[in-house]
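Below: one structure, written as structure tokens.
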Amino acid sequence: MNVNEDLMEKGLQKIEWAENWMKILAEIRKRWEKEKPLKGIKITATLHVEAKTAALIKTLVAGGAKVSVAACNPETTQDDVAEALRKYARVYAKRGMSEEEYWESIRRALDIEPDIIIDDGGDTHYLVHAELPELAKDIIGGTEETTTGVKRLFAMQKEGILKYPVVLVNEARMKYLFDNRYGTGESTIFGIMNATNLCLSGKTVVVCGYGWCGRGIAFKARGMGANVIVCEVDPIRACEAIMDGFRVMRLIDAVKHADFVITATGNIKVVRKEHFLAAKDGCIFANAGHFNVEVWISDLESISIKKRKLRYFGLPYNDYLIEEFTLKNGKKLYLLGKGRLVNLVCGQGHPVEVMDLSFSLQALSVEWLIKNKGKLKKQLYRVPREIDELVAKLKLKTLGVEIDELTEEQKRYLESWKLEI
């Protein structure tokens, strides 16, 4: 493959910048360079191919692993980073892949017959189980990065078809409390503002879904001065949103007031034909969920008489970030990032320090799987508490923060059922 030196240099600079701020991963890499706990291990990593991901891949390689990389989304690869990453791993990713190219890139990444699979969204786990089951017999285990993939894996476990153990990195407290909440909140708002160059202050923002991602978006939007409405199907989460100070209503009612509608549910057809028809002129739609199924584009196209692309951006996007749909009644609606993950398609993904937490959990979970080879059942596992807490302790260490410890007397008190007066 021909190397684009200019593109590679740009990518290497991005990776260097990210690594400067990923101090927990640096601590892990320093230890791994000496111990080589991943020596002889083959890893297929299907992730968003951008600078923070490259820092994880370099850490895996430093630990002795042979790594192949595929994109977990056709529209989120940064081509300069992908070019630079080829210095360290096999990379099968480019921005703007077709669906066929996307699936083929994952198949090619699996050609190394991996011992470990690192996945984001569950497509690689799906492909192994549905199309390449012969690979599963030699797989030590896998990890899963995001809520959407976790849901799919739980469905696979329920059906009894899971062929190897998988660690649910997304379920670690140091992941969802930070990555899903703060990371998604900041990066989604950045992606929307980057694509549109519009002000959020004073606007009405409708957030569909009040899980950790949705509440992160809602709080960040309110912090920017937006009037936020939350739409939910879960009565408990709806009550939480109300108690957090947000208005809660049905989407069909909320969309009539919305300047922006942001989906973060992980479900299909959240925004449909009736919502588009009810939306006010100029409403902007964005999706913060993993797949491009939450804003149902075929419904939007079916009621439109004209579509055009707006606001072209160069690297890392090399694409138009907005599509304008003119409806039969003359109303214009706007879709960001082709309905795909707005924080990466229109932004730069989660902040570096947030992904330092998530990818440190990924790295340590891979090490845990290797240490426990042959001891684990073919089921889903949560990140061990000691790994979760280690990442928290390392984060505090990098911040120069010290915290108190329980005294022996306090430990005994908490472990006893008797009242000590």
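Each reported figure results from applying straightforward, stated rules to the coordinates on display, with no laboratory input. Quick caveat, the model's predicted, so the values are computed rather than measured. Note that we place each Cβ from the backbone using ideal geometry, even for glycine, and neighbour counts take in every protein chain shown.
Numbers below:
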quantity: Fluctuation leader among Ile297, Ile189, Ile106 - the chain, Gaussian network, Cα springs under 10 angstrom; calculated: Ile297
quantity: Relative contact order (percent, whole number), region 30-96, Cα cutoff 8 Å, 6+ residue spacing; calculated: 35 percent
quantity: Fraction of antiparallel bridges per DSSP, the chain only, in percent to nearest 5; calculated: 25 percent
quantity: ³J(HN,Hα), Karplus 6.51/-1.76/1.60, whole Hz, each residue of region 389-402, x for Gly, Pro; calculated: 6, 4, 4, 5, 5, 5, 4, 4, 4, 5, 8, x, 9, 10
quantity: Degrees between helix 147-158 axis and first principal axis of the chain (Cα, 0 to 90, nearest 10); calculated: 70 degrees
quantity: Cα-based Lys pair tally, region 76-224, threshold under 19 Å, eight or more apart or on separate chains; calculated: 5
quantity: Around Ile297: net Lys/Arg minus Asp/Glu count, Cβ-Cβ under 13 Å; calculated: +2
quantity: Derived scalar couplings ³J(HN,Hα) [region 241-258; Karplus, 6.51 cos²θ - 1.76 cosθ + 1.60; whole Hz; x for Gly, Pro]; calculated: 4, 5, 5, 7, x, 9, 6, 10, 7, 5, 4, 4, 8, 5, 5, 5, 9, 6
quantity: Net lengthening on full extension, Glu134/Val233 (0.36 nm per residue, minus Cα-Cα); calculated: 31.7 nm
quantity: The chain: relative contact order as a whole-number percent, Cα under 8 Å and 6+ apart; calculated: 16 percent
quantity: Karplus 3J(HN,Hα) series, Hz, for region 61-72 with 6.51 cos²θ - 1.76 cosθ + 1.60 (x for Gly, Pro); calculated: 5, 4, x, x, 7, 9, 10, 10, 10, 10, 7, 8
quantity: Built amide H within the under 5 Å cut-off of Thr46, gap 5+; calculated: Ala70, Ile118, Asp119, Asp120
